Amino acid sequence: MTVAALLLLSDGRFPAGGHAHSGGAEAAVKAGRVHDAASMAAFLTGRLHSTGLTAAALAAAAAAGCPCGALEEAADARTPSAALRATSRRLGRQLLRAALAAWPHPDLDHLRAAHPGGAHQPVVLGTAARAAGLTPAQAAAVAAHESVNGPATACVRLLGLDPYQVAAVLARLAPQLDAVTAAAVDAALDATAHNDVDRLPAASAPLLDLYAEQHSSWKVRLFAS
């Protein structure tokens, strides 16, 4: 049951809205920073160790039972871009809707009532993971995976990259995904034990913030973010 829930939550076909977002890849492609498999790999690596680590820790903390109100404040503080905050909440609303259909749970109902405008996606992800019977480590793994898989899929559409090459890049990132997941879980459990969300990672990627602000002003774009 737990493995099945993990696979479902991490499946790109789960109706959480992520397929419509590039995670900064569209703006990076337009800027010329991502133009082939090698530059995509560098982009994904940087994203994993910055926003990926932060999201994974927030998700793990939510799955561990850390108060969602405190995590929402922590997510806000770690997301300086207004465009990215809006995107995170939009994705959170979509994920919450899907999670409530799949795993009805009082914690999900409480999250929806407490944040009618939408909670941050990693916080919803961790809460959904707990509702589905998953562990903080599994929640962190899903968040870390999402931080690179979504942009990689977007690069296939944006650049026409060979899907086999893209799959190979993701496979080579596996050890780093495991390392980021482990670091996120350690930080999340420490923050939960001390009831102090300031102990969570605050790894940032200023260029992604700039890309998000630029991308939000485009009149023509393939992805929502």
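Identify, from the list A188, A154, A171, the residue that is in contact with a Pro (Cβ under 7 Å, 6 or more places away or on another chain) and in a helix (DSSP H, G or I).
That would be A188, the only listed residue that is in contact with a Pro (Cβ under 7 Å, 6 or more places away or on another chain) and in a helix (DSSP H, G or I).
Condition first: closer than 15 Å to L134 by Cα, in contact with a Pro (Cβ under 7 Å, 6 or more places away or on another chain) and surrounded by 23 or more Cβ atoms within 10 Å (Cβ to Cβ). Now tell me which residues in the range 63-105 satisfy that.
Of everything in the range 63-105, just one residue is closer than 15 Å to L134 by Cα, in contact with a Pro (Cβ under 7 Å, 6 or more places away or on another chain) and surrounded by 23 or more Cβ atoms within 10 Å (Cβ to Cβ), namely A63.
Considering only the range 28-50, I want to know if a residue exists there that is in contact with a Ser or Thr (Cβ under 8 Å, 6 or more places away or on another chain), on the phi > 0 side of the Ramachandran plot and not basic (K, R).
Among the residues of the range 28-50, not one is in contact with a Ser or Thr (Cβ under 8 Å, 6 or more places away or on another chain), on the phi > 0 side of the Ramachandran plot and not basic (K, R), which makes the answer no.
All but one of (1) under 24 Å from A38 (Cβ atoms); (2) crowded, with 16+ Cβ neighbours inside 10 Å hold for A167; which doesn't?
Just one mismatch for A167, condition (2).
Take residues that are at pLDDT 95 or above and more than 13 Å from A139 (Cβ to Cβ) and tell me which of the helices (runs of 4 or more DSSP H) falling wholly in the range 1-68 contain 1 or more.
Answer list for the range 1-68: 25-30, 37-47, 53-63.
Can V148 be described as surrounded by 20 or more Cβ atoms within 10 Å (Cβ to Cβ), in contact with a helix residue (DSSP H, G or I) (Cβ under 8 Å, 6 or more places away or on another chain) and farther than 20 Å from A59 by Cβ?
Spelling it out, it is not the case that V148 is surrounded by 20 or more Cβ atoms within 10 Å (Cβ to Cβ), in contact with a helix residue (DSSP H, G or I) (Cβ under 8 Å, 6 or more places away or on another chain) and farther than 20 Å from A59 by Cβ.
Among residues belonging to the range 187-225 that are of a type in the set (D, E) and loosely packed, with under 14 Cβ neighbours inside 10 Å, point out the one that is nearest to the chain's Cα centre (by Cα).
D198
The values are calculated or read from the model by the stated rules, or taken from the named source; none is laboratory data. Note that the coordinates shown come from a computational prediction; the quantities given were computed from them, not determined experimentally. All Cβ positions, even for glycine, are placed from backbone atoms using ideal geometry, and neighbour counts span all protein chains on display.
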